[in-house]
Every structure is written in C-alpha cells, then in structure tokens.
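Let me begin by presenting the structure, written as structure tokens, before commenting on it.
Coordinate-derived values only; no laboratory data. Predicted model, so just to flag it, every value in this text is computed and none were measured. Cβ atoms come from the backbone with ideal geometry, glycine included; neighbour counts cover every protein chain shown.
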Amino acid sequence: MTNKIQVSVTIGDKQVTLDGPEDFVRTEVQRLTNLLVAAAAGSQSEVGNAGAHLPVNARATSEREFVALKKPSGHLETVAVLAYFLTKAGQTEFTPEDIRRAYARAGVRPPKVIAQSLRDAKNVHDYLAKGEGKGTFRLSPHGERTVEFDLPRNDGEQQR
C-alpha cells in the first residue's frame, strides 16, 4: 500500500495542489520544476533565425498545447511529440508509464499497448532510441529534427 500525500505548489499567481500516491506526487512536482527551469533558461537564450529554435516552453506550456501546436498524425508521431516535450522539460529518458501520463496530460487517448507504440516509434521510424535502463527510451536525433522541423505537416503530406 502506498502512502498518499498532498502538496501545494505556487507558481507565480497560480497554485497547484497535487494529491495522490507519493511516487506520483514526487514525479509531478519534479516535472513542474523542470518546466520552470526550462522556461527560465529559454527566456534567457537568444532566439535563432525567425524563431525556428524557440524553446518548446516559449510556444507551449503543457503537453496539451504542444500536441495541438504540432498536430501529430497517428500514435507514432504523437509519441515523438510527447518524447520531445518531456526531453525539453528535462526528462531525457522515459518509460511507457511516463508516456501514458503524458498522453493523459495532453488529453489524447493513448494507444492500447503503449510499449508497442514506443517500440514501433523506435524500430519503424527511428523517432526514439534505447535508453540506458531496461525498458527505457530517449528521443533520437531524427525524432528531435522531425518534431522541430517537419511538424506540423502540410495538409497534402502524409506520414511515411
């Protein structure tokens, strides 16, 4: 049985209260902290040509906004978009459970077997690479380029 805890976090003029199992609350507090650090680092960096390399948090502050901005087609692109968001938020490696939570935060229905979608994103499209630990993944350079430069896709262009 896991201990349930409640934590209130104040960010600027907003307050977030997290209530649930200790592991979940710790993970979400870490994610919020990573988002704040990434946003602070992004606001101090110079913006490249025409904003092409704007930090992810300068354009979207949540998975929901980022998925709406990138408009992925299918679960494999959605996995790449969520992996990109997690990576830019400071989480370089993730498990199927991390991606499931990201799907929930994005308000997108997850695939039936998330682990299979992660393997397909890795093996079929090279969006992901194997992580250090067993069952972990990380965003590949190809996946990063795809999310940054190819998404959202033009209306006539299909996923290959």
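A compact table of results
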{"item": "Cα shape, region 57-160, gyration tensor, a/c 1.5 rule", "result": "rounded"}
{"item": "Cα-based reach from residue 122 at 18 Å (exclusive), listing lysines while leaving out same-chain residues under 8 positions away", "result": "112, 130, 134"}
{"item": "Mean Cβ neighbour count within 10 Å, used as a protection proxy, ranking 94-106, 8-20, 111-123, 76-88 highest first", "result": "76-88, 94-106, 111-123, 8-20"}
